[in-house]
Amino acid sequence: MPRWLPKAMVLALALVACFQLGSWAFYQLIGLLTNILIAFFLALAVEPAVGRMAARGMRRGLATFLVFFGVALAAAGFVFLLGSMLAGQIADMVEEFPKYLDLVINWTNHTFHSELSRVQVQDSVLHSDWLQKYVQNSASGVLDVSTTVLGGLFRLLTIFLFAFYFAADGPRLRRALCSVLPPSKQTEVLRAWEIAVDKTGGYLYSRGVMALISGVAHYVLLVALNVPYAPALAVWVGLVSQFIPTIGTYLAGALPMLLAFTVNPWYALWVLVFVVIYQQFENYGLQPKLTAKAVDIHPAVAFGSVIAGTALLGAVGALIAIPAVATLQAFLGAYVKRYDVTDDPRVHGRRGPGNVRGLRDPAAVPARIRSSLLRGRIPRPGNSDEDTVG
């Protein structure tokens, strides 16, 4: 046995053990790392406001606290307003439920020539097996729901604490990071940080504009249908559909449909049709152009980055994918050397006036091919072998 073989085996086993330990630790800390990533982008988003307040003489910690307090106060007020509105509408729906049930039964009897009654429907529903199983599962799942809510609140608190420290100690964090780098690398790190702040702010600005447009459009519809609480519902649709990726659109459209149903069951269908049509307009017309303009990336790249972010990190990846890609693209753009594009019609999408496709001038055709064309030995595209050039 060679002398180096035992040492190599021990080293290989040690590397495998370190890899397994690192993988285990990474999967155990993936939740914390995701929260830190969200907090970092949230700190980048509030960095401009905190910087302006600190430039006017306010302490950076106090400025950060005021910004986050304003955001939390606005979010709490919005949730309280929607909660009270939803509770009132649910109470009204429960009170008016027999009326809606009679309307449905009468329509069914008239359309299908049946003889249903409210008593029969109520008895069949109350004594059904699926309702009893649902009640049992709901009773046993109360503890799970409570645990999920408490876990979500703890995660939200963790994100806000990390974001607060990142924003309040931004200069100190940059100094600590630059202190271990040579001066040439320090400039690159500071430039990347500035680009990240700019792109994240631009992305949130574009989302805010789309939320405003969506809210105004749905407000007009809800006012036309005389749906109650139209302003609060418009704000709900605008914010939820833009800042909750993937499922935000469905969550945003469910509440207006529910309240429209209390006014007229057909109004709920109209709201659904409008939500679907507006979503298509936003996905294919408004969002690619506005988002790409705000963060300066191609619409196809923006769409692909959202898909990739969703595949990697779920909803969190979809939310931070566009600013992350825009930051990377802007940072790499400073190091990628670019050249002037040749003046070729195939590059600019034009066809040249020459006799041969894709060539600007017949003189550019080699003499041998040009003479063969004149003698009719090379057929034109689309002709058979016997055809010649006239």
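The values are calculated or read from the model by the stated rules, or taken from the named source; none is laboratory data. Note that the structure is predicted; figures quoted are calculated from it, not measured. For neighbour counting, all protein chains shown are included, and Cβ atoms are generated from backbone atoms with ideal geometry for every residue, glycine included.
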Might you check whether a residue that is part of a helix (DSSP H, G or I), of a type in the set (S, T, N, Q), without any contact (Cβ under 8 Å) to a residue 60 or more places away in the chain and out of contact with any Pro (no Cβ under 6 Å at 6 or more places or on another chain) occurs anywhere in segment 87-106? yes
Restricting segment 235-254 to residues that are among the hydroxyl-bearing types (Ser, Thr, Tyr) and more than 12 Å from residue 272 (Cα to Cα), which is modelled with the lowest pLDDT? 246
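Can you name the residue in segment 213-242 that is touching a residue at least 12 places away in the same chain (Cβ under 8 Å) and loosely packed, with under 15 Cβ neighbours inside 10 Å and is also farthest from residue 308 (Cα to Cα) among such residues?
226
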Looking at this structure, is residue 49 touching a helix residue (DSSP H, G or I) at 6+ places or on another chain (Cβ under 9 Å) and part of a helix (DSSP H, G or I)? yes
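Residue-wise test of (1) exposed (fewer than 12 other Cβ atoms within 10 Å of the Cβ); (2) of a type outside the set (Asp, Glu); (3) over 30 Å from residue 171 (Cβ atoms).
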site	(1), (2), (3)
54	no, yes, no
61	no, yes, no
69	yes, yes, no
80	yes, yes, yes
Any residue that is more than 27 Å from the chain's Cα centre (by Cα) and either modelled with pLDDT of 85 or more or aromatic (Phe, Trp, Tyr) (or both) - is there at least one of those in segment 160-167? no
